[in-house]
Amino acid sequence: MREVGYPIDLRSDTVTRPGAAMREAMAEALVGDDVYGEDPTVNRLQEKAAELTGKEGALFVPSGTMSNQIAIRVWTQPGDAVLAGQNAHVFVDEAGGAAALSGVQISLLGQSGFLNLEDVKAAVAPDDVHSARTRLVCLENTHNRSGGRVFPKSEAEAIGEWVHENGLKLHLDGARVFNASVASAESVEEIARPFDSVSFCLSKGLGAPIGSLLCGGRDFLKQALRIRKLFGGGMRQAGVIAAAGLYALDHNVERLAEDHSKALRLAEGLAELPGLEVLRRPETNIVFFRVPRMDEFCAQSRERGVLVSSIDEATVRAVTHMDVDDRAIGSALEVMGEVASSLSV
Ligand SMILES: Cc1ncc(COP(=O)(O)O)c(C=O)c1O
């Protein structure tokens, strides 16, 4: 629930604040030194993540970015090529990490993040001395910069099969894979099956303050542990934050459906406002829309207590989450309606 006087913050689902019950779980967490593998709460969280994704194990890391970047580092050698969808987070939003930390080049394929098997086949470099060796394909589900769309499961399976037949690896940036699971009624384990490694975030729709899990096989995780240390992600009494993650997985997964229906309500309301164009019916918790005089629209909405973000020069993003309830969605629509009317005169 929103704190009194706090704006209606629709910039991202990362803005949620831990509530009383989650904080209590954090305060009571048993802890140890996790770099020695001795934090019982971290160990429990890792076991739970492995179980949910159907992998042999999992590693607790501070962020989704670190999780993806560890996976890229484990699966590649400097000079290799990685394939990902257009606007993939690993390319657009991770500060050039793949180049800086792993020395790889990323090629972006397909439309709006939705590459298919033909795109992958066409992009894999021939075995030629001139070409970078393609080692890894990264998919994103849900896909952030295409408006939270769910990656089609059959396409992921087809890509996975071909990739494995051809000696490549498949990584899932599943920052919002629980949203994908709730929206598609497929278990996370089902969604994760074609992938060699899977990253998911606790600090987005699940409402924990920090943390991501990198899940995969034993050999992969052995190397990932070393790379986590190299990247500065070895944490000590991390059970305090792992407890928030366990709480989130126990209590905040099914409720993601409420965020999805709030996004739908928001999209339907926005579509009725003058000059606004909703880009597509939201599949999960992200609404993309276009509005004339976008900068003024965002600034004036902000002045009136509604925060949204612009993701490029023409597109606004509004994300629903557990700290905006139905009433807040109604108020946000009212405010944005007033701003849109005042700008279109
Ligand atoms: C698809 C996707 N992957 C990875 C991340 C990175 O997560 P973090 O902010 O924890 O580094 C994000 C963050 O928004 C994301 O949307």
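Computed values, structure above
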read-out: Alpha-carbon Debye profile of the range 104-148, log10 I(q)/I(0) at 0.20 Å⁻¹; value: -0.71
read-out: ³J(HN,Hα) computed for each position of the range 152-158 - Karplus, 6.51 cos²θ - 1.76 cosθ + 1.60, integer Hz, glycine/proline x; value: x, 5, 5, 6, 4, 5, 5
read-out: Over the range 31-251, relative contact order from alpha-carbon pairs under 8 Å, at least 6 apart, %; value: 30 percent
read-out: Proximal aspartates and glutamates to K169, defined as alpha-carbon separation beneath 15 angstrom and excluding residues fewer than eight positions away on the same chain; value: D80, E140, E157, E161, D196, D219
read-out: Under Karplus coefficients 6.51, -1.76 and 1.60, residue-wise ³J(HN,Hα) of the range 200-207 in Hz, glycine/proline x; value: 9, 9, 8, 9, 10, x, 6, x
read-out: Per residue accessible area of the chain, 1.4 Å probe, in Å²; value: 44 Å²
read-out: Residues of type lysines that K262 reaches as a straight line, Cα spacing below 30 Å, ignoring anything fewer than 8 places off in the same chain; value: K48, K153, K204
read-out: Largest-first ellipsoid semi-axes for the range 185-320, taking √(5λ) over the Cα gyration tensor eigenvalues, angstrom; value: 36, 18, 15
read-out: Distance (nanometres) between label positions extended 7 Å along Cα→Cβ at R281 and E47; value: 4.3 nm
read-out: Centre separation in Å (Cα based) which lies between the range 237-288 and the range 143-164; value: 20 Å
read-out: FRET efficiency, 1/(1 + (r/R0)^6) with R0 56 Å, evaluated for R255 and Y36 via beta carbons; value: 0.95
read-out: Cα coordinate range in the range 30-165, projected on the principal axes (Å, largest first); value: 51, 32, 30
read-out: Counting DSSP beta bridges with both ends in the chain, the antiparallel % (nearest 5); value: 50 percent
read-out: Accessible area of the chain belonging to carbon and sulfur atoms, whole % at 1.4 Å probe; value: 47 percent
read-out: For the chain, fraction of C-alpha pairs farther apart than 31 Å, in %; value: 35 percent
read-out: Shape call, the range 184-228: gyration tensor on alpha carbons, a/c limit 1.5; value: oblate
read-out: Within the chain, helix-based [θ] at 222 nm, where runs of 4 or more DSSP H residues each add -39,500 (n - 2.57), nearest 500; value: -12500 deg cm²/dmol
read-out: Separation in nanometres of the label points that stand 7 Å from Cα toward Cβ, at Y6 and S344; value: 3.3 nm
read-out: Convex hull volume per residue in cubic angstrom - Cα atoms of the range 97-223; value: 129 Å³
read-out: K229-E189 pseudo-label distance in nm [points 7 Å out on the Cα-to-Cβ vector]; value: 3.3 nm
read-out: Under Karplus coefficients 6.51, -1.76 and 1.60, residue-wise ³J(HN,Hα) of the range 24-29 in Hz, glycine/proline x; value: 5, 4, 5, 5, 8, 4
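The values are calculated or read from the model by the stated rules, or taken from the named source; none is laboratory data. If you're wondering where the values come from, they're calculated on a predicted model, not measured in any experiment. Heads up, the Cβs are rebuilt from the backbone with ideal geometry, glycines too, and the neighbour counts pull from every protein chain shown. All accessible areas refer to the heavy atoms of the entire protein, side chains included, with ligands and DNA or RNA removed. Shrake-Rupley method; radii C 1.70, N 1.55, O 1.52, S 1.80 Å.
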